[in-house]
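Quick notes on the structure that follows.
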Amino acid sequence: MKRPKHLLLSIAVVAAIAAFAVGCGGSSDSSSSSTSPATGGNVSGNVSVMAVWSGAEQKAFQEVIDGFTSQYPNVTVDYTSAGDQLPTVLSTAVQGGNPPSVAVLPQPGLMQDFVKKGALKPIDYAKDTISQNYASDWMDLATVNGKLYGLFFKAANKSTVWYNVKAFNDAGVQPPKTWPDLLQAAKTLKASGVKAYSVGGADGWTLTDLFENIYLRTADPDKYDQLSTHQLPWTDPSVTTALQDMAQIFGDTGNIAGGTSGALQTDFPTSVSQVFSNPPKAAMVFEGDFVQGVITSSTSAKANTDFNQFAVPVHRQLGPKCGGWRRHRRHLQGRPRHTGIRAVPGDAASRRDLGQAGRLCLTEQEREPGPVSG
């Protein structure tokens with residue numbers, strides 16, 4: 001029997017802010033809109049939405065809004081893109097008494113924080129409908145003190161590495177399956193004339209994503225949960241081990257596009273596009289399945305012939321146990337994407353984010369990536 005590996009899963013939740021102002025039947029009374037579902041053509045009012053999406057993702061969401069407003073022409077929808085500063089922007093809006101109607105949050109922990117502040121309204125009126133379409137695990141994650149506050153609508157596999165197919169072929173490198181194989185492949189790529197790694201260090205969440213992936217593969221899964229809930233200090237030897245492995249990449253400064261200083265000034269989209277430029281500035285980039293959207297929207301690279309992906313390599317077998325909340329991939333519909341919010345490891349934001357992004361346990365066969373679709 002093959003032992004399961006560990007996959008970093010990022011999830012997004014829609015939460016209704018306390019100042020929800022959509023009127024039912026032409027009413028703008030917030031209490032009526034929060035206790036009964038709006039139906040039919042009598043819906044009217046204003047809805048404001050705040051999320052991280054910008055660029056291509058904002059354009060895609062605008063198409064969703066256009067479809068909604070065509071069905072409900074008496075509802076006006078205003079969208080605010082807060083980017084990676086969403087937690088700060090949203091908190092400021094709430095404190096200033098001008099929150100959006102709906103917020104798209106990158107972590108259930110952030111949703112819980114706003115519940116504690118009294119900034120969210122429950123959506124129990126939709127509980128029966130949601131429970132018919134979601135496993136109880138998802139309901140539990142969006143429930144605080146017995147009340148439902150959110151709806152999970154998409155997730156991302158953040159345990160992927162995207163690579164330039166030609167660069168790998170020219171160097172005679174195969175997608176590595178183990179950590180030592182990855183380090184050796186990096187050396188071979190450098191010797192072939194292309195740097196191995198592209199790092200979006202200007203966006204801290206890309207760095208914590210890599211740390212979490214490494215920690216899941218070097219520490220016992222239960223320690224991951226303990227670290228996220230402050231039961232394990234950041235001075236624990238397991239953290240040191242993960243950071244030392246992480247340093248095997250970041251310490252290879254001559255094998256990073258732009259070197260250390262360049263990586264610290266590179267944002268996430270650029271860290272992706274420069275792997276698939278002509279000529280490429282690096283051969284691979286660590287990030288989630290949403291990378292494909294950046295590749296196809298910002299470069300001319302084609303799936304499988306120009307770009308492909310492999311799973312973050314394993315360090316050692318950790319056994320069949322997977323701590324934290326357990327999910328099977330049948331609970332995920334389609335191939336969702338998500339842009340997460342992360343901070344530099346060690347501060348309060350990253351500790352809250354760690355673990356609350358979630359983990360998914362898959363068998364080795366399920367985890368093995370297949371061809372990407374164009």
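The values are calculated or read from the model by the stated rules, or taken from the named source; none is laboratory data. These numbers were taken from a predicted model, which means no experiment stands behind them. Here Cβ is always computed from backbone atoms with ideal geometry, including for glycine, and neighbour counts include all displayed protein chains.
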Hey, residue 186 hits all of (1) surrounded by fewer than 21 Cβ atoms within 10 Å (Cβ to Cβ); (2) closer than 30 Å to residue 248 by Cα; (3) of a type in the set (Gly, Ala, Ser) but one; which does it fall short on? (1)
Of the residues 95, 107, 112, which is without any contact (Cβ under 8 Å) to a residue 12 or more places away in the chain and of a type outside the set (Val, Ile, Thr)? 95
Of the conditions (1) in contact with a Gly (Cβ under 9 Å, 6 or more places away or on another chain); (2) farther than 30 Å from residue 46 by Cβ; (3) surrounded by 21 or more Cβ atoms within 10 Å (Cβ to Cβ); (4) of a type in the set (Gly, Ala, Ser), residue 192 clears all except one; give me its number. (3)
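Every residue, every condition in (1) closer than 24 Å to residue 185 by Cα; (2) assigned by TED's automatic domain parsing to the domain that holds residue 56; (3) modelled with pLDDT of 95 or more, yes or no:
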site: 212; (1), (2), (3): yes, no, no
site: 217; (1), (2), (3): yes, no, no
site: 225; (1), (2), (3): no, no, no
site: 228; (1), (2), (3): no, no, no
site: 235; (1), (2), (3): no, no, yes
site: 243; (1), (2), (3): yes, no, yes
site: 254; (1), (2), (3): yes, no, yes
site: 259; (1), (2), (3): yes, no, yes
site: 268; (1), (2), (3): yes, no, no
Complete set of residues in the range 163-187 that are within 27 Å of the chain's Cα centre (by Cα) and farther than 15 Å from residue 282 by Cβ: 174, 175, 176, 177, 178, 179, 180, 181, 183
On the basis of being among the β-branched types (Val, Ile, Thr), in contact with a helix residue (DSSP H, G or I) (Cβ under 6 Å, 6 or more places away or on another chain), not assigned by TED's automatic domain parsing to the domain that holds residue 204 and not in a helix (DSSP H, G or I), does residue 77 make the cut? yes
Is it true that some residue in the range 154-173 is surrounded by fewer than 21 Cβ atoms within 10 Å (Cβ to Cβ) and either among the hydroxyl-bearing types (Ser, Thr, Tyr) or farther than 30 Å from residue 192 by Cβ (or both)? yes
Of the conditions (1) in a loop (DSSP other than H, G, I, E, B); (2) at pLDDT below 95, residue 282 clears all except one; give me its number. (2)
Taking the condition charged (D, E, K, R), touching a helix residue (DSSP H, G or I) at 6+ places or on another chain (Cβ under 9 Å) and crowded, with 17+ Cβ neighbours inside 10 Å, does residue 117 pass? no
Answer yes or no: is there a residue in the range 289-298 that is surrounded by fewer than 16 Cβ atoms within 10 Å (Cβ to Cβ) and either at pLDDT 95 or above or assigned by TED's automatic domain parsing to the domain that holds residue 161 (or both). yes
Condition test on residue 210, is it within 22 Å of the chain's Cα centre (by Cα) and either among the charged types (D, E, K, R) or more than 30 Å from residue 274 (Cα to Cα) (or both)? no
For the range 284-315, which residues satisfy the criterion of being small (Gly, Ala, Ser) and more than 22 Å from the chain's Cα centre (by Cα)? 300, 301
Among the residues of the range 183-236, count how many are among the polar types (S, T, N, Q) and assigned to a helix (DSSP H, G or I). 9
Any residue in the range 22-31 that is more than 23 Å from residue 287 (Cα to Cα), assigned to a helix (DSSP H, G or I) and modelled with pLDDT under 50? yes
